[in-house]
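The values are calculated or read from the model by the stated rules, or taken from the named source; none is laboratory data. What you see is a predicted model; the values in this text were computed from it and never measured. Because the Cβ atoms are built from the backbone with ideal geometry, glycine has one as well, and the counts that use them run over all protein chains shown. All accessible areas refer to the heavy atoms of the entire protein, side chains included, with ligands and DNA or RNA removed. Shrake-Rupley method; radii C 1.70, N 1.55, O 1.52, S 1.80 Å.
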Amino acid sequence: MKRFIRNAIVFVLIAALLTGLVNFVYLRRKGSPCGTMGTIKNDDAIIKDVPENITLCNFGSSHGYYGFDYSEMPGTCFNFALPAQTLSYDYLILKNYQSRISPGAVIVLPISHFSFFGKDETELNDFASKNNRYYSFLEKENIKQYDAKTNLLVSYLPALTVEDPIAIVRQILSGSKQENLWDDVTTKEDAEAHAEPRYRNFIESKKDKNGTRVFNQAEIDALYDILALCREQGFCPVLVTTPLLSEYNDTVREKDPAFYDDFYGILDKITVATGVCYYDYSNDERFTGTYDLFFNTDHLNRAGAQKFTAILYDEVLRELLP
């Protein structure tokens, strides 16, 4: 019996040691989280080191995450966007950090083609894994389907929350951190190959089995909630669609020309009802054919983000900032 207990204790200690080692290496390999002006941007990024007295910030999905570079901007700026982030989570993050944003601050809200459509994210297969990142920086009342066990794992053993353990092993064995897409540059050939898969992901996947577009009223309502909170707190919201390459735009026009009526129809109703301004740079000729400003058909790289942020500042933000 003593031998059994001793062996069990040894087994538990070895398992704990291996788990701790995997977790340590995982954290070292996954890359540095992105803050206000971070130079490393990857899908493992979380929001951290949020400053006080923010005068300019943006929310949004990866189009916001990669689309802004505040290194040359005046005041205190911050990027609250994360890859695949929904408007409903934009709202929860704004609620969570509203006290750190100054009255009169400009809130840039990127609107992507998928923002208003598709199933609720809680119904998607990857929801749990994506939702885990919010435990790191949001209060529990602002986390969807909050779970205390998940909170414990995310806080102390985040490697165990990854749904694909093989991916962890691959990452550890690779000996390198994730690639920094923000410094990549696309080409015309790559953009042509990339356009249709992005169309399928952004637009075609947001239809039901009969091919009918699914309007996500909860996400539309979330944008109204964001705008209402901005009014209450004295923030100045601005809606923006970031630049896209012509290959993507042309694919949408060819595959689903009715999409634009649905997308802009929702935006028209919102702008009329709330008075918020919307600035559409998706077809801006300063970007649509300039491949060295993108790392794929719909995401700006670092150079593109610097150019776009400067243009947005000159054309929109300069007059609005406190």
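The figures follow:
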| read-out | value |
| --- | --- |
| Sole residue being charged (D, E, K, R) and over 27 Å from Tyr66 (Cβ atoms), chosen from Lys140, Lys130, Lys119 | Lys140 |
| Residues satisfying the stated conditions in region 115-143, i.e. at pLDDT 95 or above, part of a helix (DSSP H, G or I) and open to solvent by 60 Å² or more (accessible area, probe 1.4 Å) | Glu123, Lys140, Glu141 |
| Complete set of residues in region 267-309 that are under 17 Å from Pro237 (Cα atoms), open to solvent by 20 Å² or more (accessible area, probe 1.4 Å) and β-branched (Val, Ile, Thr) | Thr271, Val272, Thr274 |
| Subset tally (residues that are touching a helix residue (DSSP H, G or I) at 6+ places or on another chain (Cβ under 7 Å) and either crowded, with 22+ Cβ neighbours inside 10 Å or closer than 26 Å to Phe215 by Cα (or both)) for region 70-88 | 9 |
| Ala148 being touching a residue at least 24 places away in the same chain (Cβ under 8 Å) and either among the charged types (D, E, K, R) or open to solvent by 40 Å² or more (accessible area, probe 1.4 Å) (or both) | no |
| Unmet requirement for Ser99, which otherwise passes all of (1) open to solvent by less than 30 Å² (accessible area, probe 1.4 Å); (2) modelled with pLDDT of 95 or more | (1) |
| Number of positions in region 48-65 that are open to solvent by 10 Å² or more (accessible area, probe 1.4 Å) and part of a helix (DSSP H, G or I) | 2 |
| Residue among Tyr91, Tyr146, Tyr134, Tyr97 that alone is in contact with an Asp or Glu (Cβ under 8 Å, 6 or more places away or on another chain), over 24 Å from Phe259 (Cα atoms) and hydroxyl-bearing (Ser, Thr, Tyr) | Tyr91 |
| Among residues of region 29-78, those that are at pLDDT below 85 and closer than 24 Å to Thr241 by Cβ, counted | 8 |
| Criterion: touching a residue at least 12 places away in the same chain (Cβ under 8 Å) and either under 21 Å from Val316 (Cα atoms) or of a type outside the set (A, V, I, L, M, F, W, C) (or both) - qualifying residue of Ala105, Ala128, Ala84 | Ala105 |
| Residue among Thr212, Thr251 that alone is among the β-branched types (Val, Ile, Thr) and in contact with a helix residue (DSSP H, G or I) (Cβ under 9 Å, 6 or more places away or on another chain) | Thr251 |
| Extreme residue, farthest from Phe202 (Cα to Cα), among residues of region 119-156 that are among the aliphatic types (A, V, I, L, M) and under 18 Å from the mean Cα position of the chain (by Cα) | Leu138 |
| Pairs, first among the aliphatic types (A, V, I, L, M) in region 180-195, second open to solvent by less than 50 Å² (accessible area, probe 1.4 Å) and in a loop (DSSP other than H, G, I, E, B), C-beta under 6 Å, six or more apart | Leu181/Phe295; Ala191/Leu245; Ala191/Thr297; Ala195/Thr297 |
| Every residue from region 201-255 that is part of a loop (DSSP other than H, G, I, E, B) and surrounded by fewer than 18 Cβ atoms within 10 Å (Cβ to Cβ) | Asp208, Lys209, Asn210, Gly211, Thr212, Val214, Gly234 |
